[in-house]
1. Which of the helices (runs of 4 or more DSSP H) contained wholly in the stretch 22-129 include at least 1 residues that are β-branched (Val, Ile, Thr) and modelled with pLDDT of 90 or more?
2. Looking at (1) outside any loop (DSSP other than H, G, I, E, B); (2) touching a helix residue (DSSP H, G or I) at 6+ places or on another chain (Cβ under 6 Å), can you tell me which one Glu331 breaks?
3. Could you check the stretch 443-466 and list, in sequence order, the residues that are more than 45 Å from the chain's Cα centre (by Cα), in a helix (DSSP H, G or I) and either free of Cβ contacts under 8 Å to residues at least 60 places away in the same chain or over 14 Å from Thr511 (Cβ atoms) (or both)?
4. For Asp47, indicate whether it is of a type in the set (D, E, K, R) and in contact with a Gly (Cβ under 8 Å, 6 or more places away or on another chain).
5. Exactly one of (1) among the aromatic types (Phe, Trp, Tyr); (2) touching a Leu at 6+ places or on another chain (Cβ under 9 Å); (3) modelled with pLDDT under 90 is unmet by Phe190. Its number?
6. What number of residues within the stretch 24-66 satisfy the criterion of being more than 24 Å from Leu105 (Cβ to Cβ) and of a type in the set (S, T, N, Q)?
7. I'd like to know if the stretch 443-454 contains one or more residues that are at pLDDT 90 or above, assigned by TED's automatic domain parsing to the domain that holds Glu540 and in contact with a helix residue (DSSP H, G or I) (Cβ under 6 Å, 6 or more places away or on another chain).
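The values are calculated or read from the model by the stated rules, or taken from the named source; none is laboratory data. The structure presented is a predicted model; accordingly, all values stated were derived computationally and were not measured. With ideal geometry, Cβ positions are generated from the backbone for all residues, glycine too; neighbour counts draw on all protein chains shown.
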Amino acid sequence: MDQDSFAETLEELYEGAACGYLSTLPDGTIVRANRTFLTWIGMERKDLLGGRRFQDFLNIGGKIFYDTHFAPLLRMQGSVNEIAFDLTCSNGRQLPVLANTVQKLDATGRPMVHRITLFNATDRRKYERELLLARQKAEQVSGELKELNETLEERVAEEVAERMRAEEGLRQAQKMEAVGQLTGGIAHDFNNLLTIIMGNIELMQRRLPDGNERLQRAADQAMEATRRAATLTHRLLAFSRRQPLDPKPIDANKLVAGMSELLRRTLGETVALETVLAGGLWRTQADPNQLENAIINLAVNARDAMPDGGNLTIETANARLDEAYVAALAEPVPPGQYVLVAVSDTGTGMDRATMGKVFEPFFTTKEVGKGTGLGLSQVYGFVRQSNGHVRIYSELGEGTTIKIYLPRLIGSDEEPAGMFAKNPMLMKGTGETVLVVEDEPDVLAYTVESLRELGYRVLEAADGKAAIALVEQHPEIQLLFTDVVLAGGMNGRALADEAARRRPGLPVLYTTGYTHNAIVHHGRLAPGTHLIGKPFTYAELSAKVRRMLDGE
């Protein structure tokens, strides 16, 4: 082929160049433009030349820069290079460009034309933006690394403190579990023994001839000792969080107000009782009997810390435990809204070392024979089992405040629980049939004899298999009364479920000294579950069975 066929004219090179070429008058009016520039901005040559200025294609910022910096600098220097502009194309798209401009003068030295070379800076702008982001990221990482190094010692100290708190919480949890396993292992058998002892003492009391005061006094003393033994077992179970709770909505103001007279009698004349009840107090959910016992325990401890008399204040309030507060605790406590019940005294107070041990079982500052060391541990166990928090504040010679925080109850229409009768009335049966299931022969014999004496027809079984056979044979059975822990591989809950399949709607009353979680979930009785704890008295048994049969 002829070499001349590859030759290109200067016009072709001008029109097809990769960059945009413009020629403008000194005022910016475009008088010439190549095809590349026309393609970029999407206009025809006839619509552009002589009628549009270069600065017309700039955005507002570009126009201001053109008038205040670009044009003066071009007049002064005669050329300007690498100036970044954004061109506004006909379709509204912004095109980033770099402009190199040379000013051509006439023979007299006056500006005649500006020759502008434009480079498409889209990719360059992208790279610059990525480079800027990378630089900012590097600076951020560098700053974080610098801060990391500067705060290393502080963070190590915080980490060590956090680990120590966690280890302390773990030690406390292990201690609780160890005591729970110890007490749980013996509680069932021990409470069975107490049930037999208490039942036979009551039987003896009922059958003692009138006028024999000496025997009656001996029986009363034996019964009191049995109750104290039962209380000790319940306190150990409370500390280990193994006691079955029956939580109900509680108005703490009503509960405290209802206890005032009882507390005044308990505290004696030398201690002045004051109650400060908050207006608009939230409701909480807990076992009312156990909360009442906790308040009494705290009041008795406060009384003992004021041997010469003093003031005891019981206060209620709405409270919020925030994230910062609970983060500093050794034990897990969720932040949120709580109902506060605080018991304060003006007694001897205690030092920090004593405060660190007061909730441990068997720890006491009282003289030998004056205390078991289980009162505060019972309070601690009950509150923690109720998903609450307990805190102690004390100063030597000034007094002590113990604060119980119980979670706020939201969204329940159930009527708040009030005070419960401590001495249930004796309630007789009218010939109803009760099936008693108990694997301890002496407890079974006592329970059967008591129910028969109360006027019930009683069937008895020592294990679940025998009980199921009786349920099938005797459709007249109106109540299943079963121990939770049974021999033979079927516990009380499994027996109740099996009986319910054969006799839907058959009421079930459980008894136990230790639950093994068969009917208790997370320390709380399952809804609809009825339980009488061992050891139970003749009157408690009569009242509970009667209420079950009456559907109360």
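1. Where helices (runs of 4 or more DSSP H) fall fully within the stretch 22-129 and carry at least 1 residues being β-branched (Val, Ile, Thr) and modelled with pLDDT of 90 or more, they are 35-41, 60-65.
2. So Glu331 meets the others, but not (1).
3. Across the stretch 443-466, the qualifying residues are Ala445, Val448, Glu449, Arg452, Glu453.
4. The answer is no for Asp47.
5. Of the numbered conditions (1) among the aromatic types (Phe, Trp, Tyr); (2) touching a Leu at 6+ places or on another chain (Cβ under 9 Å); (3) modelled with pLDDT under 90, the odd one out for Phe190 is (2).
6. 3
7. No.
Residues are listed down the side, and each one gets a yes or a no for (1) over 23 Å from Asp308 (Cα atoms); (2) small (Gly, Ala, Ser); (3) modelled with pLDDT under 70; (4) touching a helix residue (DSSP H, G or I) at 6+ places or on another chain (Cβ under 9 Å):
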site: Tyr338; (1), (2), (3), (4): yes, no, no, no
site: Val341; (1), (2), (3), (4): yes, no, no, yes
site: Ser344; (1), (2), (3), (4): no, yes, no, yes
site: Gly349; (1), (2), (3), (4): no, yes, no, no
site: Thr354; (1), (2), (3), (4): no, no, no, no
site: Pro361; (1), (2), (3), (4): yes, no, yes, yes
site: Thr365; (1), (2), (3), (4): no, no, yes, yes
site: Val368; (1), (2), (3), (4): no, no, yes, no
site: Leu374; (1), (2), (3), (4): yes, no, yes, yes
